[in-house]
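Heads up: the structure comes next, in structure tokens.
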Amino acid sequence: MREPMRPAMRSVLVFALLLLPVLAWGQEARRLQKMRIGTTGRAMFSLSFIVGINNGFYRSEGLDAELIVMAPSVASRRSSREI
């Protein structure tokens with residue numbers, strides 16, 4: 001005949017089951033892919049990138065986005081692969 005589970009053992013089991021999602025959430029943060037977004041300034045053009053970063057849209061898709069403001073001459077050379 002099976003013996004009923006002790007209250008202490010049951011508490012440990014419930015705690016472990018509640019802790020699993022927290023541990024899995026921490027693993028998700030480690031798997032983010034780094035992405036750099038180059039722009040020539042913080043103007044209307046880059047507003048959608050700023051809103052996306054601040055509201056966590058990129059992070060929810062697995063991307064760690066970083067907005068980099070560059071001088072226009074550097075940005076144009078970077079896009080044409082001259083650097």
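Which one of ILE83, ILE68 is hydrophobic (A, V, I, L, M, F, W, C), at pLDDT 75 or above and touching a Lys or Arg at 6+ places or on another chain (Cβ under 6 Å)? Can you show your working first?
Numbers: ILE83 fails: at pLDDT 75 or above.
Of ILE83, ILE68, the one residue that is hydrophobic (A, V, I, L, M, F, W, C), at pLDDT 75 or above and touching a Lys or Arg at 6+ places or on another chain (Cβ under 6 Å) is ILE68.
Counting only residues that are in a helix (DSSP H, G or I) and more than 15 Å from the chain's Cα centre (by Cα), which one in region 41-55 is surrounded by the most Cβ atoms within 10 Å (Cβ to Cβ)? Full working, then the answer.
First pass over region 41-55, keeping only residues in a helix (DSSP H, G or I): 44-54.
With more than 15 Å from the chain's Cα centre (by Cα) added as a condition, the list becomes 44-48.
Working: MET44: 7, PHE45: 10, SER46: 17, LEU47: 10, SER48: 10.
Once the filter is applied, the top-ranked residue is SER46.
In region 26-40, which residue that is among the hydrophobic types (A, V, I, L, M, F, W, C) and part of a strand (DSSP E or B) is modelled with the lowest pLDDT? Reasoning before the result, please.
At the first step, the residues of region 26-40 found to be among the hydrophobic types (A, V, I, L, M, F, W, C) are 29, 32, 35, 37.
Then keep just the ones that are part of a strand (DSSP E or B); that gives 35, 37.
Values: MET35: 90, ILE37: 86.
So the residue we want is ILE37.
The values are calculated or read from the model by the stated rules, or taken from the named source; none is laboratory data. In this text the structure is predicted, and so the values were computed from the model without any measurement. As a convention, Cβ positions derive from the backbone with ideal geometry for all residues, glycine included, and neighbour counts pool all protein chains shown.
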